[in-house]
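Single-structure report; data block below.
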Amino acid sequence: MLGSVVQVHLSLPRNNYHKCYSKLTFTKKNKYIAVGIITVVLDIILMTILISLSVNAIVASTISFYIAVLINYYLQSVFTFETVLSTISLTRYLTVLLLNYFITTLLVYIFIQFLLNPIIGKLLSIPLVVIISYYLSTHWIYKK
């Protein structure tokens, strides 16, 4: 009898740990952020490789950006939001991408107009764009 009590007692923390771990690690928000980080890193690595192969920096940046965008769309669709790829969701995704571009460019422009560092405008746009993108992804792009 003592053995079964100890066995039950020892299995409870493991089960609780597993439940807490899965809730903390695999929430939709965490998946969204992880995919974003992965695609940003991929974008930078690909751009670096292309530049090292003597590709013009602007061309390299453009190519790596578009590849990262497509991979991000695929991973967000399949992994984060667990949906089927469709032209509707891709069109919505690209619309949000344009909105994010506009917001980022506007903030950079405002900082330039006030003779401030445009990099700060760009950095300030990142959390705003992430929040807007996540909200629109959840409620519009991948709405079930």
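What follows draws every value from the coordinates through simple rules; no lab data is involved. Just so it is clear, the model here is predicted, and its values are computed rather than measured. For neighbour counting, all protein chains shown are included, and Cβ atoms are generated from backbone atoms with ideal geometry for every residue, glycine included.
At residue 98 and residue 83, where each label point lies 7 Å from the Cα along Cα→Cβ, what is the point-to-point distance in nanometres?
So the label points at residue 98 and residue 83 sit 1.8 nm apart.
Just to check I understand the Karplus step: with θ = phi - 60° and J = 6.51 cos²θ - 1.76 cosθ + 1.60, what whole-Hz values come out for the stretch 60-74, glycine and proline as x?
4, 5, 5, 4, 5, 4, 5, 5, 5, 4, 5, 5, 4, 4, 4
Apply the a/c threshold of 1.5 to the C-alpha gyration tensor of the stretch 30-144 and tell me whether it is rounded, prolate or oblate.
In terms of gyration-tensor shape, oblate.
So how much slack lies between residue 112 and residue 42, counting 0.36 nm per residue of separation and subtracting their Cα-Cα distance, in nm?
So the extension gain works out to 22.3 nm.
Please compute the length gained on full extension between residue 74 and residue 139, using 0.36 nm multiplied by the number of residues separating them and subtracting their Cα-Cα distance.
21.6 nm
Could you give the radius of gyration (one decimal) and Dmax (whole number) of the Cα atoms in the stretch 83-144, in Å?
Using the Cα atoms of the stretch 83-144, the pair Rg, Dmax is 14.0, 46 Å.
Between beta-carbons, use under 11 Å as the cut-off and find the net charge around residue 136, counting Lys and Arg +1, Asp and Glu -1.
Here the count lands on +2.
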